[in-house]
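Below is one structure, written out as structure tokens, with a few remarks after it.
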Amino acid sequence: MIIAANLKTNLSRKQTSEYVAELELFIAQHSITQEVLVFPALSSLNENDGDVVIGAQNAYATVNGAFTGEIGLEHLEEFGIRTILIGHSERRHILGESQEELVVKFNYYKALGFKIVYCIGEPLEKREAGKEEMMRYIFSQYEGIDTSYENLVIAYEPVWAIGTGLTPTLQDIKEMHLDLKEKSSAPLLYGGSVKVTNAKEVLEIPNVDGILVGSAALYVEHFSTMIQYAQDISS
Ligand code: 13P
């Protein structure tokens, strides 16, 4: 399974390096064989030669250049970063990234062979508009995306469940993941208010290949517990 932490705009460089060191210790002490990904803030990116894979929350589709506020391939390569998050709802809805821009980014990092964790998910009004409308919206987020890319991971994160403490029912997640697996056989993560208290039951749902955790992952002991759940379920 893939257990991923999106640290968003949290944890300083020093805190992140302590966080990763604690995770490495946990993984070694508990013989964890699951894939553990951590996406720190861009200024906290660092090389890591242990088991934890460090990924970028964002990068521009360029090696370098005049793109104020962005980082490019050169800045990822400095730390050996080969994993990137694309299409997170906060980038779509707060930073205003369009599907067209995401496709450019996706194709750029795909051509370089990066592992891409591509996020999709519906806002509340789309969910409330009924299943057909909701699925049309979600499928529009696949437009231009190579769903058979070998290094693709998809994360289904309902926008209304992110950072709210609200989650779909286990049955809803089960049905959605079944539908989404028809669109792509890539590993499919669930994200949105995953906590220690619900992680186990979410991980047990068929077609849930892992979780993408935000706020609860900021506590390394909570994130470690979730990694242990995945390990127990997989073995
Ligand atoms: P929360 O776990 O805080 O709801 O965030 C989920 C998320 O956005 C992960 O990418």
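Summary table
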quantity: Residue range of the chain that is longest and free of chymotrypsin sites (Phe, Trp or Tyr not before Pro) which are both DSSP loop and sparsely packed (at most 15 other C-beta within 10 Å); calculated: 80-218
quantity: For the chain: rounded, prolate or oblate by the Cα gyration tensor [a/c cutoff 1.5]; calculated: oblate
quantity: Local net charge near Tyr109, Cβ-Cβ under 10 Å (Lys/Arg +1, Asp/Glu -1); calculated: +4
quantity: Whole-number percent relative contact order across the range 1-98, with pairs defined as alpha carbons under 8 Å at least 6 apart; calculated: 24
quantity: Alpha carbon centroid spacing (whole Å) that separates the range 57-76 from the range 200-218; calculated: 30
quantity: Cross-link table Lys126/Lys183; Lys8/Lys181; Lys14/Lys105; Lys126/Lys174; Lys105/Lys131; Lys14/Lys200, entries beyond 22 Å C-alpha to C-alpha; calculated: Lys8/Lys181; Lys14/Lys105; Lys105/Lys131; Lys14/Lys200
quantity: Karplus (6.51, -1.76, 1.60) ³J(HN,Hα), θ = phi - 60°, over the range 174-189, in Hz, Gly and Pro reported as x; calculated: 4, 5, 5, 5, 5, 5, 5, 5, 5, 7, 7, 8, 4, x, 10, 9
quantity: Segment Ala66-Lys181, length gained on full extension (0.36 nm per residue, minus Cα span); calculated: 37.5 nm
quantity: Net charge of neighbours whose Cβ lies under 12 Å from the Cβ of Phe26, counting Lys and Arg as +1 and Asp and Glu as -1; calculated: -4
quantity: Unit charges on C-beta of K, R, D, E only; dipole of the chain, Debye; calculated: 220
quantity: Label-zone membership for the range 129-144, site Ser98, 7 angstrom Cα→C-beta point, backbone N under 18 Å; calculated: 140-144
quantity: Net charge contributed by nearby residues that have their C-beta within less than 12 Å of Gln231 (K/R +1, D/E -1); calculated: -1
quantity: Gain upon complete extension [Thr9, Glu78; 0.36 nm per residue less C-alpha separation]; calculated: 22.8 nm
quantity: Neighbour count of at most 16 Cβ within 10 Å plus DSSP loop: longest GluC sites (Glu not before Pro)-free window in the chain; calculated: 79-142
quantity: Contact order relative to length of the range 135-235, as percent, for alpha carbon pairs under 8 angstrom and 6 or more apart; calculated: 26
quantity: Residue-averaged 222 nm ellipticity for the chain, from DSSP H runs of 4+ at -39500 (n - 2.57), nearest 500; calculated: -11500 deg cm²/dmol
quantity: Relative contact order computed over the chain (Cα-Cα under 8 Å; 6+ residues apart), in percent; calculated: 21
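Every read-out reported here was derived from the displayed coordinates using simple, explicitly stated rules and does not represent laboratory data. Predicted, not measured: the structure shown is a model, and the values here were computed from it. Ideal geometry is used to build each Cβ from the backbone, glycine not excepted, and the neighbour counts take in all protein chains shown.
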